[in-house]
Every structure is written in structure tokens, then in C-alpha cells.
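Reviewing the structure listed below.
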Amino acid sequence: MTAVIRSELLKVRTTAVPWVLAGVAVLINGLLILVIFLSKDYGGTGDDVPHTTQQLRNLLGSGFSGYILALLLGVLMITIEFRHKTVTTSFLVTPRRQVFVAGKLITAAVLGALLGVFMLVVALVGGGITLSARGGSFSALAHQIPAVAPGFILVFALFSILGVGIGSILTNQVAAIIVSLGWFIILEGILTSLVHAAYKWVPTGAADAASNLTRNQGNGIHLALFSWWEGALLMLGYGLFFAVIGSALLTTRDIT
Amino acid sequence: MTSAIEVRGLGKDFGHIRAVDDLSFEVAEGRVTGFLGPNGSGKTTTLRMLLGLVSITSGTATFGGKRYADLDHPVRHVGAALEATSFHPSRRAEDHLKTVALASRIPMTRIDETLELVGLTDVARRRVGKFSLGMRQRLQLATALLGDPEILILDEPANGLDPQGIQWLRQFIRGQAAAGHAVLVSSHLLSEMEETVDDVVIISQGKLVLQTTLADMAAQAGTGTGMRIRTPEIHRLAEVLNAVPVGWHQVAPDTLVIDGATPEWFGPFAAQHQIVLYELVNERGSLEDVFLRLTHGFDASHPMAADSGQSAPFLMPGDQS
């Protein structure tokens with residue numbers, strides 16, 4: 001399996017995917033940091049900057065919604081093989097398709113976690129510099145790393161696993177991306193605004209729980225969440241459930 | 001002689017369509033087996049079933065008794081070059097090979113070796129998206145060879161190669177067989193393979209038509225020997241030929257072919273009847289003729305199939321003219 005994973009890591013590294021994702025990650029996180037400093041809490045007046053524990057954690061975890069990029073990473077890792085027909089070679093090398101999917105899952109978890117680390121670094125550097133420039137404390141921000149990083153990185157890894165699961169079922173790249181984004185950007189929001197109790201069960205709610213970060217729920221509605229490990233298990237469950245279905249579908253799939 | 005590949009009663013249904021039907025054949029070690037059939041006859045489907053890419057409806061396909069998926073690191077035993085499109089365009093040639101080498105624990109030194117073998121050393125660092133069809137075909141071969149496999153499966157490897165490339169491919173394939181490897185190579189053109197293969201497996205409409213050695217097939221082709229005659233007096237020649245027990249058919253307005261005739265017989269015969277000749281050629285039936293005879297009528301896309309009923313404007317044996 002380590003051989004398959006090393007091969008998978010090289011496959012990702014030799015496409016534009018990691019560079020594009022990293023670029024988008026910097027862009028998104030930069031905007032989110034800007035939003036925090038321009039928000040009415042701090043008034044843009046310079047006399048107040050994030051300083052409470054919660055404010056600092058929110059700043060450090062500002063790139064949290066970048067987990068969508070981790071999801072896309074997982075989706076792309078599998079659909080790119082079908083798009084460019086490299087799956088033929090992959091299946092010749094790894095004829096057992098469950099092994100193929102398992103290799104993708106593990107590699108995606110590693111790369112998703114790395115993307116999480118990257119976004120934390122971006123938030124620490126970008127947020128920290130802005131903070132110091134406005135008279136805040138960089139080291140106070142850095143002190144929140146142990147509290148924020150584990151859950152943050154875990155969620156990114158879990159979303160990449162989920163992405164591979166989705167991609168293993170919907171091998172058409174465009175379809176997989178539309179379904180993924182459609183769910184997380186539109187459908188999930190509609191569903192949970194209608195049925196608040198559903199929030200803790202959907203992937204975003206499970207991810208919120210797993211991250212152990214209290215997110216601003218701007219609408220003032222307090223949504224119940226699972227404990228962090230329950231949320232993590234639920235997220236992992238979604239990813240593996242889809243991956244098992246996907247593997248079964250791939251096993252019967254003719255590659256012509 | 002041991003068989004490297006054994007196919008037993010192989011069948012494949014795509015919905016209600018039987019693409020491959022009860023196909024059995026063997027591929028021997030140290031020999032090149034041509035897998036021949038018209039386009040759409042089921043060659044590619046069969047090869048993909050051997051390699052576990054397409055599921056098998058019935059029968060078995062094994063390599064030394066094992067299914068492809070049961071081989072330990074299969075690409076180190078069976079090298080396959082299937083199509084010229086399966087590369088990520090932004091991946092460099094050597095990185096493509098590296099992904100295969102890493103997953104199958106093949107020493108990295110093999111990458112340079114195989115690139116050199118197929119003549120791609122100079123473009124090892126170039127992205128595959130910039131490759132020509134012929135270069136992709138070579139990279140596909142390099143991928144197949146990477147694990148130094150004892151069995152090679154090549155699907156239409158000559159497609160996209162220039163004449164020098166095809167010449168190189170022939171020598172390469174012969175070299176593989178000489179090294180004791182088994183090679184199964186598909187083609188829809190026998191002429192392309194005539195100088196390369198030892199054995200032939202011919203299929204048509206998913207069914208086995210013939211498995212034999214090329215030598216046997218050449219012997220069969222020999223039975224089609226005849227004389228091609230060009231003459232300004234074709235009607236008179238037809239008349240006198242009808243009076244003797246030989247078969248003949250017209251191939252052009254002024255040309256006909258006499259089956260089984262020899263110059264020793266036809267020369268005096270023409271002199272006796274005082275027929276003027278422009279051309280007199282000893283003609284051997286080609287392997288391609290045998291191949292077409294065996295497979296044609298099944299392949300609607302082949303021009304020969306459309307031509308088969310088209311002898312109307314020509315004289316036929318027995319015509320009174």
C-alpha cells in the first residue's frame with residue numbers, strides 16, 4: 001500500500017491541481033482575514049483588534065471554510081484519472097479496484113491534512129502580520145495553534161476523504177464537482193434552514209463538531225452539534241460509505 | 001513449448017450484444033502471436049478482458065494459470081500497450097513512468113532504460129501533452145516494458161507510427177520473442193504483421209475463425225497461385241479458356257487471372273490459339289487474400305465486403321461472348 005500511496009502522491013504533484021488549490025487557498029484566506037478586520041466588531045478604527053481567545057481562534061481558523069478545497073482535491077484525485085483516461089494504466093498497475101480506491105483515500109487524507117496546515121500557516125502569517133501592524137499581539141495568535149490546529153487539520157483530511165468517496169461514484173469530473181458544490185453551497189443550507197435538527201447530521205455540521213471550533217452562527221440560531229469525535233466519525237462514515245459504494249461500482253465497471 | 005496466455009471459452013455480452021463468443025486460443029512463449037480481425041471484431045474487448053479492464057461474462061483468461069488480477073505486481077509479468085491517449089497532458093514522460101514504477105516497486109533505473117529503448121530519452125522531461133501520436137505510442141510501449149515483463153500485449157501498436165517507426169517496431173517485437181518473451185499483438189491489417197508474427201489468431205464477429213502458424217497460412221495462400229494475363233483480346237481468351245477445365249476471373253477490363261495455371265502450360269496454350277499478350281505474370285495469392293477470405297463478408301465497413309457482388313460488368317467463366 002505504501003507503494004501505491006507514493007505513486008498517488010507523485011500523480012497529484014505532477015498535475016496543476018496542488019498549485020491551483022494553494023493559490024485559491026491563499027486568495028480565500030486573504031479575503032476572509034480582510035473581512036474579519038473590516039467587520040463591525042473592530043470597526044476599522046484601529047482602536048480594537050482581535051484579542052479575546054475566541055476572536056484569536058476565529059482569526060487563526062479563518063480559512064476553515066477552505067475545507068471545500070480539500071473536498072475538491074479528493075474529487076479531482078479520482079475524476080482526473082477518468083477525464084484523461086489514465087485510469088487504464090492505474091487499473092493495469094493496481095487491478096484490484098478496492099485497493100485503487102483505498103490508496104486514493106489514504107493519500108487524500110494526507111494531502112487534505114497538508115492543505116489544512118497550509119491554510120493555518122496562511123492565516124497565521126497573513127492574520128498575524130495584519131494583527132501586529134494594527135497593534136495586536138502576534139504571539140497571542142500563535143498561542144492558539146494547539147487549540148485550533150488539530151480539529152482544523154482533521155476536518156480538512158476528512159473532507160478530502162469525502163471527496164474521493166464522491167468521485168469514486170461520480171467519475172465524471174464536471175458532474176462530481178457540480179454535485180459537491182451544489183450540496184455544500186446550496187442544498188445543505190436550504191435543508192438545514194428548514195430542519196434545524198438536521199444540521200448536526202449533515203457533513204458541514206459534523207465538520208463543525210469535529211473541528212471543535214465554535215463558529216459564528218450569524219443568524220443567532222444555536223444549532224446543536226455532536227461532540228468532536230462523534231462529528232469526526234460521522235464525517236469519516238460519510239466518506240467511507242461513498243467510497244465503498246464507489247469501489248463496488250468501479251469493480252463492475254468496464255474500462256473501454 | 002509452454003503457453004504464456006491461455007484463453008478458454010471467453011465470452012462478453014454488452015447488453016444484448018455478444019461482442020466476444022466462446023473464444024479459445026493460446027499464446028506461446030518465445031513466439032509472436034498476431035491477433036487479427038477486422039475493426040469491430042472484438043480484438044480490443046478480448047485484450048481488455050485478459051487484462052481485467054473489462055469484466056468477463058463467461059470463460060477464463062489466464063497467464064501461467066493465474067488471472068491478471070491475481071498476479072503479484074502484474075505489470076512486472078504482463079506489459080500492455082493499449083491506447084495512445086491515456087496520459088495526463090501536463091505530466092512529463094519520465095514522471096508518467098515513475099508513477100507506474102513507484103506503485104509496482106520497479107527500480108527507478110528502468111525508467112531511463114526503457115526511455116532509451118523506445119528512443120524517447122531526449123524528450124523524457126517534456127510534457128506528454130506536447131507529444132505526437134507516434135511519441136505517445138512509444139511512451140505506451142515504454143510503459144509496457146517498464147516492469148521487464150515476460151509477456152507483452154500490444155493493441156494496434158503500429159497506429160500512428162511512420163514507416164521507420166513500423167520498421168523499428170517489427171525489430172523490437174522480434175527481439176522480444178528472441179529473448180523468450182511471449183508477444184500478443186493485435187492488428188486489423190495482416191500485411192502489417194506478416195513479417196513479424198509466428199502464429200496467427202484470427203477472429204471475426206467475436207468468434208475464432210482460425211488459430212494456426214503463419215507458415216500454415218502461407219501454405220494455404222499458396223493454393224491461390226495463378227497467372228495474371230493482360231491482353232487486347234480478352235473476349236477471345238475467355239472463349240478458349242471456357243473450353244478447357246480451368247477456373248478464371250476477370251480483374252480489369254483487359255486483365256484476367258487463371259487459377260492454378262503455370263507459364264509452362266499457358267505460354268504454349270496462348271501460342272496455339274494465337275492470342276496476343278501484353279503481360280503475363282505469375283501470381284501468388286497473398287496472406288492478405290486468405291485473411292480477407294476468412295473474415296470478409298463479416299466486416300461491413302471493409303471495402304472488399306461492398307465489392308463482393310460487383311462483378312456484373314466483367315466477364316464470368318461460362319459467359320458466351
Yes or no: A:VAL93 within 30 Å of A:GLY205 (Cα to Cα), of a type outside the set (Gly, Ala, Ser) and at pLDDT 95 or above? no
Of everything in the range B:137-179, what is within 18 Å of B:LYS98 (Cβ to Cβ) and either within 14 Å of chain A (Cβ to nearest Cβ) or not in a loop (DSSP other than H, G, I, E, B) (or both)? Give them in sequence order. B:ARG138, B:LEU139, B:GLN140, B:LEU141, B:ALA142, B:THR143, B:ALA144, B:LEU145, B:LEU146, B:GLY147, B:PRO149
Looking only at the range B:43-69, how many residues end up being surrounded by 23 or more Cβ atoms within 10 Å (Cβ to Cβ) and either assigned to a strand (DSSP E or B) or at positive phi (or both)? 1
When B:GLY134 is run through (1) within 12 Å of another protein chain (Cβ to nearest Cβ); (2) part of a helix (DSSP H, G or I); (3) within 30 Å of B:LEU214 (Cβ to Cβ), the failure sits at (1)
For A:SER65, state whether it is under 24 Å from B:PRO74 (Cβ atoms), of a type in the set (Ser, Thr, Tyr) and assigned to a helix (DSSP H, G or I). no
Looking only at residues in the range B:38-48 that are of a type outside the set (Val, Ile, Thr) and under 16 Å from B:GLY15 (Cβ atoms), which one is modelled with the lowest pLDDT? B:GLY40
Taking the residues in the range A:89-99 that are touching a Ser or Thr at 6+ places or on another chain (Cβ under 7 Å) and crowded, with 20+ Cβ neighbours inside 10 Å as candidates, determine which candidate is farthest from the other protein chains (Cβ to nearest Cβ). A:ARG97
Taking the residues in the range A:131-152 that are in a helix (DSSP H, G or I) and surrounded by 20 or more Cβ atoms within 10 Å (Cβ to Cβ) as candidates, determine which candidate is modelled with the lowest pLDDT. A:LEU131
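Matching residues to (1) surrounded by fewer than 20 Cβ atoms within 10 Å (Cβ to Cβ); (2) of a type in the set (Asp, Glu):
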| site | (1), (2) |
| --- | --- |
| A:GLY165 | no, no |
| A:SER168 | no, no |
| A:GLY182 | yes, no |
| A:GLU230 | yes, yes |
Being in a loop (DSSP other than H, G, I, E, B) and within 14 Å of chain B (Cβ to nearest Cβ) is true for just one of A:LYS11, A:LYS85. Which residue is that? A:LYS85
Just one of the numbered conditions (1) more than 12 Å from every other protein chain (Cβ to nearest Cβ); (2) crowded, with 19+ Cβ neighbours inside 10 Å; (3) among the hydroxyl-bearing types (Ser, Thr, Tyr) is not true of A:THR52; which one? (2)
Is it fair to say B:VAL128 is touching a Gly at 6+ places or on another chain (Cβ under 6 Å) and crowded, with 16+ Cβ neighbours inside 10 Å? no
Near pairs, Cβ below 8 angstrom, 6+ apart or cross-chain, from the range A:100-116 (outside any helix (DSSP H, G or I)) to any residue that is crowded, with 24+ Cβ neighbours inside 10 Å: none
Hits in the range B:90-110 (condition: facing chain A (nearest Cβ under 7 Å) and not charged (D, E, K, R)): B:SER90, B:THR99, B:VAL100, B:LEU102, B:ALA103, B:SER104
Identify the residue in the range B:75-88 that is more than 7 Å from chain A (Cβ to nearest Cβ) and more than 13 Å from B:ARG138 (Cα to Cα) and, among all such residues, is farthest from the chain's Cα centre (by Cα). B:ARG76
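The values are calculated or read from the model by the stated rules, or taken from the named source; none is laboratory data. No experiment lies behind these values; they were computed from the predicted model shown. Glycine gets a Cβ as well: all are built from the backbone with ideal geometry, and neighbour counts include every protein chain shown.
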